[in-house]
Every structure is written in structure tokens, then in C-alpha cells.
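Here the structure comes first, spelled out in C-alpha cells, and everything after it is commentary.
Read the figures in this text as sums done on the coordinates, not as results from a lab. The structure displayed is predicted, hence computed values, not measured ones. Backbone-built Cβ (ideal geometry, glycine too); neighbour counts: all protein chains shown.
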Amino acid sequence: MNEEMDSSPSPPSGAILAAGSARRMRADKLLLDLAGTPIVRRIAEQALAAELGELLVIVRAENSAAVAAALRPLAVRIVANARAEQGMGTSIALAAASLRPQAEALLLLQGDQPLVGRDMLEALVARWRSGAGAFVASRFGDLVTTPVLFARELFAELRALDGDRGAKAVLERHRERGAVIDFPAWRGADVDTPEDYRRVRGLAGSAGEPRGS
């Protein structure tokens with residue numbers, strides 16, 4: 001191949017946050033069945049279908065083996081967060097610190113948003129490639145949240161996160177330097193409680209696979 005002619009940008013890296021304690025569920029929500037597939041595997045399959053350069057799954061020590069088993073044999077890299085109990089910020093920091101050196105962007109996903117689909121992820125990546133700036137975030141109604149793509153220039157700030165501080169502060173600091181894409185509110189539904197799980201099962205049943213819906 002003529003490398004001088006291959007000017008296409010490298011695909012972004014991806015990371016799924018899967019280290020939460022799920023106290024309100026009283027079970028590991030990421031392993032719950034949704035349409036015949038564990039929730040965490042469902043989102044991982046969507047991320048891999050978006051052809052990311054790599055896909056990390058940030059877990060805690062207690063669920064590492066179970067999540068790895070649920071994802072086998074998908075091409076993911078399991079990274080255990082020894083500080084998971086200190087909050088989501090530590091998982092985001094670990095993800096940013098664990099990327100391959102050539103990563104130009106990080107697409108951050110949460111493992112408990114199983115209705116996020118490949119089409120959404122590809123839209124975020126396409127917007128970034130078109131020159132969106134420092135980030136491209138999802139918006140569900142009034143909520144700006146994951147999945148969100150961060151350009152390399154923000155990696156240092158992500159690596160500095162700690163405790164319960166998520167990436168929201170990073171987005172707010174750079175709000176004039178990024179972009180958001182609006183998606184239907186139901187696509188951002190997460191699973192924090194048994195009631196959430198029942199609702200998401202209903203949505204998944206009525207919408208089918210999330211790729212093109």
C-alpha cells in the first residue's frame with residue numbers, strides 16, 4: 001500500500017465504563033439479560049460494529065471475571081480499576097491512561113445504556129471527523145451525556161479526573177469548543193434500578209436491535 005495516498009484518519013479508541021457497584025440493582029446490572037444478550041455485551045457489540053481502533057472495558061476487581069466471560073470472544077481489552085469504589089472519575093482517568101499511544105480520540109460509553117446503537121456511535125465519529133472540535137457529545141432531551149467522543153487534546157484532563165467527578169466538568173469547560181448531537185430520549189435510557197430494567201426491556205422489545213432504529 002502507498003502510505004502517502006492513505007490519508008484517512010485513524011479510527012478512535014473506545015472505552016466502556018463497567019466498574020460501577022450497581023448498589024440499587026442488588027445485582028450486577030451489566031450481566032442482566034436483554035433480548036437474549038447480557039447488557040454489557042450488547043453495548044460492546046454495537047461499539048465494535050462501529051469499527052473503533054480498539055475497545056477497552058473498564059471493570060472493577062469483583063466483576064472482572066464475570067464481565068470477561070460475558071464478552072468472550074469479542075475483541076475487547078479488559079482493564080481492572082483498583083480504585084473503582086472511589087467513583088466514576090477514576091475509571092475515566094484509567095481509560096484515558098490505557099489507550100494505545102497513537103489514539104487520536106476516545107469514544108466513551110457507559111455499560112448500562114444498552115439502547116445506544118452503532119448508528120449513534122458512527123454519527124458521533126463522523127461529526128468529529130468533520131472538524132467538530134474538542135468533543136462530540138450526545139444529547140437526550142435536555143441531558144448532555146454519554147456516549148461522548150473526546151479529541152486527543154482533552155486526554156490530559158480526562159487522565160486527571162478523580163473520585164465521583166465524571167467528564168461533565170470537562171465538557172462544561174470546553175462547551176464552546178465542541179458539538180452535540182440530538183438523539184431520541186429513549187435511546188439514552190440507562191439501567192440503575194429494577195424499574196429501569198423493566199422499562200428498558202420493554203423498549204428493547206418494541207424497538208428491536210438498536211443498530212438502525
* Find which of Ala134, Ile16, Val170 sits farthest along the positive direction of the dipole of region 11-205, computed with +1 on the beta-carbon of Lys and Arg, -1 on that of Asp and Glu, about the Cα centre. => Ile16
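Assign unit charges at the C-beta atoms only (+1 for Lys and Arg, -1 for Asp and Glu), then state the dipole size of the chain relative to its Cα centre in Debye, rounded to the nearest 20. Mind dumping the intermediate values first?
Numbers: 27 positive and 27 negative charges, 101 e Å.
In debye, rounded to 20, the chain gives about 480.
Considering only DSSP beta bridges where both residues belong to the chain, give the percentage that are antiparallel (nearest 5). Provide the component values of the computation, followed by the final result.
On the way: 12 of 32 bridges.
Taking every DSSP beta bridge with both residues in the chain, the antiparallel ones total about 40 percent.
Could you work out the relative contact order of region 115-164, using alpha carbon pairs under 8 angstrom and six or more residues apart, expressed as a whole percent?
On the way: 37 pairs, mean separation 14.1, N = 50.
After rounding, I find 28 percent.
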* To do: Note the angle between two axes, namely the Cα long axis of helix 88-97 and the longest principal axis of the Cα atoms of the chain, as a number of degrees from 0 to 90, rounded to the nearest 10.
  => 40 degrees
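Given the -39500 (n - 2.57) contribution per DSSP H run of 4+ residues, what per-residue ellipticity at 222 nm results for the chain, rounded to the nearest 500 deg cm²/dmol?
Values: 7 runs with 66 residues, N = 213.
Result for the chain, helices only: -9000 deg cm²/dmol.
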* To do: Note down the relative contact order for region 11-205 as a percent, whole number, built from C-alpha pairs under 8 angstrom at least six residues apart.
  => 26 percent
* Structure fact -> For the chain, longest principal axis from Cα atoms; helix 194-207 axis from its Cα atoms; angle between them, nearest 10 degrees, is 70 degrees
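Please report, in debye to the nearest 20, how large the charge dipole of region 122-213 is about its Cα centre when each Lys and Arg carries +1 at its beta carbon and each Asp and Glu carries -1 there.
Values: 15 positive and 14 negative charges, 56 e Å.
Rounded to the nearest 20 debye, it is 260 debye.
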* Asked: Which one, (1) 15.1; (2) 12.0; (3) 11.0, gives mean projected area of the Cα convex hull in nm² as derived from the coordinates shown?
  -> (2)
